[in-house]
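Bear in mind that the values in this text are calculations on the coordinates, not laboratory data. Since this is a predicted model, take the numbers as computed values, not measurements. Positions of Cβ are generated from backbone atoms using ideal geometry, with glycine treated the same way; all protein chains shown enter the neighbour counts.
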Amino acid sequence: MSLIAVTELKKRFGANEVLKGINLDIMPGEVIAIIGKSGSGKSTFLRCINGLETVDEGSILVAGAQLLPDEVHLKALRLKVGMIFQQFNLFPHLSAGRNVMLSQMVVKKTGKAQAEAMARRQLERVGLAHKFDAYPDELSGGQQQRVAIARALAMEPIALLCDEITSALDPELVAEVLAVVRELAAEGMTLMMVTHEMKFARDVCSRVVFMHEGRVHEVGPPEEVFSAPKTVELQRFLGHGHA
Amino acid sequence: MIEFSTWDILRNLIFAARWTVLLSLVSFAGGGVVGLMILFARISKSKALRRFAIGYIELFQGTPLLMQLFLAFFGLGLLGVDVPAWLAAGSALILWSAAFLAEIWRGCVEAVAKGQWEASASLGMGRLQQLRYVILPQALRVAVPPTVGFSVQVIKGTALTSIIGFTELSKAGTIVTNATFQPFTVYGLVALIYFALCWPLSRYAHSLERKLHVAHRGH
Ligand SMILES: Nc1ncnc2c1ncn2[C@@H]1O[C@H](COP(=O)(O)OP(=O)(O)O)[C@@H](O)[C@H]1O
Ligand SMILES: [Mg+2]
């Protein structure tokens, strides 16, 4: 059974229909890269799956449960699906360790000692065990993003949504974040990531989704999508077919 | 005729200034509590609550404090409710402070990056949890300087309560003037006492603001 099932998903901002009927089934352990031009609706799509945007039509099922826009269902959904943002969004008034502990204690009512042990484990996992007491503004962008990943992992989600998580980073810091994602993929975490890192998508992802004007325009395994794009739009996006 | 020394005048004024200080403290603290409730209504998800808060803030910011004092004192009196001056003064100032504090704090809440709401939501926090653990701690830091700054307005606002007969510093000034016929000395001293109360506060607000700009971290 698919872990995330999106059916005829539509989303409008006023008169502007941004998602025009998205269908996508994701199996457990799949790593999906979402590519496409800016404005094609990639972020909106991920945000819908995390309940940050309300859905106008269609349905989203996560682990068999329907996404409904009330606070109880949203909380249940967000415990299953974590999200990492382009701008890290660490809580600046809390240390790295506290960032990872907070939602465990507040949302899951985990005890402090247990939350701290989990935080140390997850920071270790992203290679930042030694930064437990550092505040976000004492960390590099790459380190901040890794803390954000640890923070999401501490909630033990069954899937992670990543929206251009390396786009705000200096080029030399991209690799350390991608290495963490690669590790997660290898451990079997289900991942949906909007990315411009084509080489990474080719190496790590099981499927590539090309979005165009609010629709899934083309989808397939990376070899196919990158080496033999079928549609003109994808060829153009990948820089082929100008001839 | 009795002779009044400057010391006699000053002593009486300082004695009355206690009521200015007390009224300021009560208004500021009460205004803070009511203001916090108005703030929560102002940033709530419910449209009705937001409307109410906006209406409240506009009403109290859009009319002179003096009219609010008159309404609290004479208005309720007309309805047959006998309101003592201190009660009318206290409640009007509390409601008035609440409107301004709520609006100051709303600005501080809105200054917190939108990504903080999204990140905390994506971690499963409910709205109150987001406010309590993520948004307000950050808003609080930027809120302190303008809040301290506003306390100066409260102190100056208490002067108006002399008009409805509350005997604080300004009213005492009038009384002492009537007894001594030395208006320049008396009101000069009254002004000095107000200055002694307000000036340290506004200096403190400025220095807090400067510190906030230098170290943009609060731990
Ligand atoms: N909150 C919003 N309000 C109005 N329009 C929005 C909002 N968010 C996104 N959009 C519009 O939706 C379209 C798709 O945006 P987005 O999902 O961010 O695309 P992408 O991530 O692929 O660049 C854009 O035209 C954008 O202007
Ligand atoms: Mg985007």
query: Do the sum for chain B: with -39,500 (n - 2.57) for every DSSP H run of n ≥ 4, divided by all residues, what is the mean residue ellipticity at 222 nm, to the nearest 500 deg cm²/dmol?
result: -25000 deg cm²/dmol
- prompt: Once the other residues with Cβ under 10 Å from the Cβ of residue A:164 are scored (Lys, Arg +1; Asp, Glu -1), what is the net sum?
  reply: -1
- request: Give the cross-link partners of residue A:131 among the lysines, using a straight C-alpha distance below 21 Å as the criterion and excluding same-chain residues fewer than 8 apart.
  value: A:112
task: Taking the Cβ of residue A:86 as the centre, find all other residues whose Cβ is under 10 Å away and add up their charges (Lys, Arg: +1; Asp, Glu: -1).
output: -2
- prompt: For chain A, with only Lys/Arg (+1) and Asp/Glu (-1) charged at the beta-carbon, what is the dipole magnitude about the Cα centre, in debye rounded to 20?
  reply: 420 debye
Environment charge of residue B:57, counting only residues whose C-beta is closer than 9 Å and scoring Lys/Arg +1, Asp/Glu -1: 0
task: Alpha carbons only, please: Rg and Dmax for the protein assembly as shown, in angstrom.
output: 30.2, 110
task: Tell me the label-point distance for the pair residue B:184, residue A:72, using the 7 Å Cα-to-Cβ offset, in nm and rounded to one decimal.
output: 7.7 nm
- prompt: In peptide A:82-94, how many Cβ atoms from other protein chains are near each Cβ within 10 Å, on average?
  reply: 5
- line: Counting sequence-distant residues (5 or more places) and residues on other chains, those with an amide H built under 5 Å from that of residue A:21 are A:9, A:10, A:11
Cα-based Rg / Dmax (Å) for the stretch A:167-220: 12.3, 33
message: Just to be sure I follow the definition: excluding the sites themselves, where is the longest run in chain A that has none of the trypsin sites (Lys or Arg not before Pro) in a DSSP loop with at most 13 other Cβ atoms within 10 Å?
response: A:110-229
query: Can you list the lysines whose alpha carbon is less than 26 Å from that of residue A:199, not counting same-chain residues fewer than 8 positions off?
result: A:37, A:42, A:230
- line: Over the Cα atoms of chain A the radius of gyration and the largest Cα-Cα distance (Dmax), both in Å, equal 18.0, 62
- prompt: Measuring from label point to label point, each 7 Å out along Cα→Cβ, what is the residue A:17 to residue B:37 span in nm?
  reply: 4.8 nm
Where labels lie 7 Å past Cα in the beta-carbon direction, separation of residue B:111 and residue B:153 in nm: 1.5 nm
- prompt: Taking 1 over the mean of 1/r across every pair of different Cα atoms in the stretch A:130-172, what Kirkwood radius in Å do you get?
  reply: 11.5 Å
field: Student exercise, chain B dipole from Lys, Arg, Asp, Glu Cβ charges, in Debye to nearest 20
entry: 960 debye
task: Quick one: pull the percentage of alpha-carbon pairs in the stretch B:6-218 with a separation above 29 Å.
output: 37 percent
For chain A: relative contact order, % (alpha-carbon pairs under 8 angstrom, 6 or more apart): 26 percent
Cα-based reach from residue A:80 at 18 Å (exclusive), listing lysines while leaving out same-chain residues under 8 positions away: A:108, A:109
message: Quick test of the membrane-span-like rule: which DSSP H helices of chain B reach at least 20 Å along their long axis (C-alpha atoms) with mean Kyte hydropathy at least 0.0?
response: B:6-42, B:47-61, B:85-110, B:136-158, B:183-214
